[in-house]
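Working notes for the structure below.
The values are calculated or read from the model by the stated rules, or taken from the named source; none is laboratory data. Bear in mind the structure is a predicted one, so any value in this text is a computation, not a measurement. Reconstructed Cβ throughout: ideal geometry from the backbone, glycine too, with neighbour counts over all protein chains shown. With ligands, DNA and RNA removed, areas are computed over all heavy atoms of the protein, side chains included. Shrake-Rupley method; radii C 1.70, N 1.55, O 1.52, S 1.80 Å.
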Amino acid sequence: MNNFQGKTLSWKMEARVIELALHHAPHNEIGSAVLGELEAFAEALASADNNCAALIVYSELASGFSAGADLRELHRRSQGLSATEKTAGVRDFLLRIHRVLNTIDAAPVTTIAAVHGITFGGGFELALACDLIIADKTARFCFPELRLGLIPGFGGIPRLKRDIGNAAIRDMLLTGRSFNAAKAQAAGLVGQVTGEGQALAVARTTATQICKFDSGTAAAAKEFIKPIPHEELRREIDIFCELFSRPTVEEGLRKFVESADAMPYLP
Amino acid sequence: MPSVQEVTDEVLQLAVAHFKVPLGGLSPDDDFFKKLGIDSLQALALLSRIENHFHIELPDYELQGVTDFRTLAARIHARL
């Protein structure tokens, strides 16, 4: 797998471990630019040789792993479009990001999200596609979508359902509150909590351990234990698109983009 | 259990350390958004520090409309 240096992310492979670094200021919002480079990464990952054993995804930005979907771009691109055109555009974006996340989810290497700070919405969903989440104690996980009249659209609910108990999902989803790293670990979402700024170092140590195992055996174990919930993922896209066409979403997005605050839906 | 005043003092110390402002540069009734010039994201980082320090959960929606340290300390105290 060749190294890559992009505008929003970069990756490199060293000693059988691929490191995917997100660096799209201000908060790794996932819009068309990030999606395009994630697609390139997914393509490279899918064709990577058997020499790869592990993947670490992390953020180089101080504010956190990712604030999620780029809502300002989403709103901007929706302007002047009919309801049908808006929904079609959103569906196309969702199908593309789902393909990327499904590729990461099913990759025949062990994948680790090393997170810190805000890990919200689509950023949280990227972490959920990974096999392991290692969080430093500043990490906060949140699905704020209901505040905008939406549900998570990048596969969040089906993947959470796969990983943790339904009550914890309802707590997170239906209140819109964020979980800190300790709470997320107690819920079974996070494997390891580290000191501040140590998530990547711990992920690298974990990857070193993973590299000791036979890759084929690890891939077989993963395929057995981690099925992709394809049907629920498709249903999630449908629900998201149904909700997206409602006026409440337009109003929620308008309020969001009119605010200068990074996360205007937070207190 | 610490008093609300003691919690307030601890919160002020946490904020001083987190935002690297001079000791004594903050007071209980300060509007921390204005005084520190922070946004909601930075306030959330302080919330993480508070939760870790006091070993509590403080749902972020409980902080809606809270802008001063004294009120913040009262919300923390209610969770101890």
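Accessible-area loss of 20 Å² or more (1.4 Å probe, protein heavy atoms, chain alone versus all protein chains) is found in segment A:131-172 for A:LYS137, A:ARG140, A:ARG147.
Peptides A:182-194, A:103-115, A:214-226 ranked from most to least packed give A:103-115, A:182-194, A:214-226, packing being the mean of other C-beta atoms within 10 angstrom over each peptide's residues. Divide the volume of the convex hull around the Cα atoms of the protein assembly as shown by the residue count and you get 135 Å³ per residue. How are the C-alpha pair distances of chain B spread across 10 Å bins, as whole percents from the shortest bin up? Calculated P(r), rounded to whole percents: 18, 62, 20, 0. A 1.4 Å probe run over the protein chains yields, for chain A, 42 Å² of accessible area per residue, whole-number rounding. Mean per-residue shielding of peptide A:174-187 is 3, counting Cβ atoms of other chains within 10 Å of each Cβ. Solvent-accessible area lost on pairing A with B (1.4 Å probe, both sides summed) amounts to about 1600 Å².
The listed peptides A:120-129, A:60-69, B:51-60, ordered by packing as a protection proxy, come out as A:120-129, A:60-69, B:51-60 (highest mean of other Cβ atoms within 10 Å first). Taking each DSSP H run with n ≥ 4 as -39500 (n - 2.57) and averaging over every residue of chain A yields -15000 deg cm²/dmol at 222 nm. Here the simple spin-label model places points 7 Å from the Cα toward Cβ, and for A:ARG254 and A:ARG235 these points are separated by 3.3 nm. Neighbouring Cβ atoms from other chains, within 10 Å of the Cβ of residues in B:35-44, number 5 on average.
By accessible area, using a 1.4 Å probe on protein heavy atoms only, segment A:119-169 has 59% of its surface on carbon and sulfur.
When only Cα pairs below 8 angstrom with a gap of at least 6 residues are kept, chain B shows a relative contact order of 44 percent.
Helix A:247-258 and the longest principal axis of the C-alpha atoms of chain A enclose an angle of approximately 70°.
Comparing the full protein assembly with the isolated chain, the residues of segment A:110-130 losing at least 20 square angstrom of accessible surface (1.4 Å probe) are A:ILE118.
For chain A, what relative contact order do you get, as a whole percent, if you take Cα pairs closer than 8 Å and at least 6 residues apart? Value for chain A: 19 percent. Counting protein heavy atoms only, segment A:1-114 has 51 percent of its accessible area on carbon and sulfur, 1.4 angstrom probe.
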